[in-house]
Amino acid sequence: MSVIIRENKVEDNGILAKIIRTSFHDFEVSCTNGTVYSDPTTDDLYSLFQTDKSALFVAEKDGVILGCCGIFPTTNLPDDTTELAKFYLSKEARGKGTGKLLLEKCLEKAKDLRYKNVYLESIPEFSKAVSIYEKQGFQYLEKPLGNSGHSGCNLWMIKNLD
């Protein structure tokens, strides 16, 4: 069976939080404050993504959740801009095209919701994800936009959807 991309469900919360936090360990990223690792919303992504003009997608294969990626109207972003958020894959899913499927689904949803730009924040340790962003046409910014609360991020990128 192939990978399916679907909207998240409340019962996904535990496994998604585990995938996110395990990714930090896999890539030897400091688990300090100012990242999604310590963000309390990580344990209840379902509720977070009930916010208007947001969506969180889950990749699943044979009943096993492989990862997630979403868009979110982060505070203080321009009205026409959404944030790409919570893009994490399990170790087993990395390097197999699953991330590209999730990212493309999010970009499609952003267009459907009439966003003109997709913004993201990351860190150099997540270089595999950053290379996907570059291939998808994201451009680097010199400083952050909005107020994600993730002060531990030091890479900021944006993609125009027009």
Computed [θ] at 222 nm, helices only, for the chain once each DSSP H run of length n ≥ 4 contributes -39500 (n - 2.57):
-7500 deg cm²/dmol
Residue-count net charge about L56 - beta-carbon cut-off 9 Å; Lys, Arg +1, Asp, Glu -1:
-1
Step through the residues of the range 52-68 one at a time and calculate ³J(HN,Hα) from phi using the Karplus curve (6.51 cos²θ - 1.76 cosθ + 1.60, θ = phi - 60°), rounding each to whole Hz and writing x for Gly and Pro.
4, 6, 10, 7, 10, 10, 10, 9, 9, 9, 6, x, 9, 6, 9, x, 8
Rolling a 1.4 Å sphere over the protein heavy atoms, what is the accessible area per residue of the chain, to the nearest Å²?
52
When the accessible area of the chain is computed with all protein chains present and a 1.4 Å probe, what percentage of it is carbon and sulfur?
48
Too long at a 25 Å Cα-Cα cut-off: which of K9/K135; K9/K86; K18/K159; K61/K100; K9/K143?
K9/K135; K18/K159; K9/K143
In terms of the Cα gyration tensor, with a ≥ b ≥ c the square roots of its eigenvalues, is the range 68-157 rounded because a/c is under 1.5, prolate because a/b exceeds b/c, or oblate?
oblate
Note to self: Kirkwood Rh of the chain, Cα pairs, one decimal, Å, is 15.6
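State to the nearest 20 debye the size of the charge dipole of the chain about its Cα centre, where the only charges are +1 on K and R beta carbons and -1 on D and E beta carbons.
The calculated dipole for the chain is roughly 380 debye.
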Among T35, L120, Q136 the positive-end extreme of the charge dipole of the chain (Cβ point charges):
Q136
Estimated FRET transfer efficiency when R0 is 22 angstrom, pair T22-D79 (beta carbons, to 0.05)
0.05
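Percent of Cα-Cα pairs more than 21 Å apart in the range 1-86, please.
The proportion of pairs with Cα distances above 21 Å equals 33 percent.
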If each residue of separation counts as 0.36 nm, what is the full-extension length gain between R94 and Y46 once their alpha-carbon separation is subtracted?
15.0 nm
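The values are calculated or read from the model by the stated rules, or taken from the named source; none is laboratory data. Note that this is a predicted model, so its numbers are computed, not measured. Note that each Cβ is placed from the backbone with ideal geometry, even for glycine, and that neighbours are counted across all protein chains shown. When the accessible area is computed, the model is the full protein with side chains, heavy atoms only, and any ligands, DNA or RNA have been set aside. Shrake-Rupley method; radii C 1.70, N 1.55, O 1.52, S 1.80 Å.
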